[in-house]
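Notes follow the structure.
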Amino acid sequence: MLDDNLKAQLKAYLERLQRPVELVATLDDSAASKELRELLEDIRAQSDKITVVEKNDLDVRKPSFLITNPGVDSGVRFAGVPLGHEFTSLVLALLHVGGHPSKEAAELLEQIKGLDGDFHFETYYSLSCHNCPDVVQALNLMSALNPRITHTAIDGGVFQSEIEAREIMGVPTVFLNGERFAQGRMELAEIVGKIDKGAAAKDAAKLNAKEAFDVLIVGGGPAGAAAAVYAARKGIRIEGASIYCTLSPCMNCFKVLLSAGIKKVFFEHIYDFNNQGGDKFLWDFYKQYEDLATVRQMSISPKTLETALRFISDTTSQRRHEDY
């Protein structure tokens, strides 16, 4: 299933496992089950901390497998054969369940561990989807940290009947406790914020504890970038400030914002691209500067928008419309 080069890389990663990992496979006689069995055996051969067992009488999707620890019945589940873009998601799930620490902020990880409630997530993905791994990896991490959170990553190509029954028009599409939860790219913090009922109060408390900024810039295009540069040049304190905009800033504007001292960029929609794959190109560009600034996509409810517009009498952009 895996070539020698990929096996060597996987073996190196699995040396980071700190505790035993058990892969519980539930298979049938399909070709996909045969592929999955071969994949799991290849994984098992790369580390003596990994064991594989088959439990084909479980009432779960077939083929699928659970990544867990011996004696534990919760963990991360993949339904299908997670290769392509999702192979990285598989490797990270193995590491996180095996005790290797995540690079996410410690405060966010503690927030996940403290979530109160039972959350069963299902994510439909395709092996060629560029935006799916971020969502799958975020939810996998959450289920590895909190036993009251479960996540099943489902290959829509293998479970096509579910795609049709649930009328899924694009991936990634996420369901929470059987109800449609979200579609499209999402970051870990955004997912946590949507299900943590106390998140708004916590964020308000952190914001109130900060020293007041001298200026608020809403907009990240040329006008927003120019405002940030002008404010910095005039000695107005914006170092470490955040910017909120409808569309994500282009590459040139983003560099200008960084030079002005902006540390966090929040946007609702990715910058317009006529060519397919342009959004991934821009995300990859942002990641080059992740040590200098945080970039997050967010969702704005109609009520929040209505409230915000009460305080913004004159807008410089009319690009937010019903087509987005």
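Computed from the C-beta positions of E104 and D29 and an R0 of 30 Å, the FRET efficiency is 0.15 to the nearest 0.05.
From most to least packed by mean Cβ count within 10 Å, the peptides 28-34, 199-205, 120-126, 256-262 give 120-126, 256-262, 28-34, 199-205. Note that segment 135-200 presents 42 Å² accessible area per residue, ligands and nucleic acids not counted, probe 1.4 Å. With the convex hull constructed from alpha-carbon coordinates only, segment 135-284 shows a mean projected area of 11.5 nm² over all directions.
Here is the P(r) of the chain: all C-alpha pair distances, binned every 20 Å from 0, give 28, 53, 18, 1 in whole percents.
Note on the chain: with charges restricted to the Cβ of Lys and Arg (+1) and Asp and Glu (-1), its dipole about the Cα centre is near 1240 debye. Extent along the principal axes, Cα only, for segment 28-92: 29, 28, 19 Å, with the longest axis given first. Taken over segment 66-118, the convex hull of the Cα atoms encloses 114 Å³ per residue. Solvent exposure of C132, expressed as accessible area, is near 0 Å², computed with a probe of 1.4 Å over the protein chains only. When the charge dipole of the chain is built from unit charges on Cβ atoms (+1 for Lys and Arg, -1 for Asp and Glu) and taken about the Cα centre, the candidate among G198, L40, N131 whose Cα reaches farthest toward its positive end is G198.
Only Cα sites of segment 1-47 enter the Debye sum here, all with the same form factor; the resulting log10 I(q)/I(0) across q = 0.17 1/Å is -0.55, listed in q order.
Give the lysines whose C-alpha is closer than 19 Å to that of K210, dropping any in the same chain fewer than 8 places away, or say none. Answer for K210, where 19 Å is the Cα cut-off: K202, K263, K264, listed by chain and number.
Summarised in one figure, the compactness ratio Rg/Rh of segment 1-142, Cα atoms and Kirkwood Rh, is 0.94.
The values are calculated or read from the model by the stated rules, or taken from the named source; none is laboratory data. In this text, all values refer to a predicted model and were calculated from it rather than measured experimentally. Cβ coordinates were reconstructed from backbone atoms using ideal geometry, including for glycine residues, and neighbour counts include every protein chain displayed. Ligands, DNA and RNA are stripped out before the accessible areas are found, and what is left, the full protein with its side chains, is counted by its heavy atoms. Shrake-Rupley method; radii C 1.70, N 1.55, O 1.52, S 1.80 Å.
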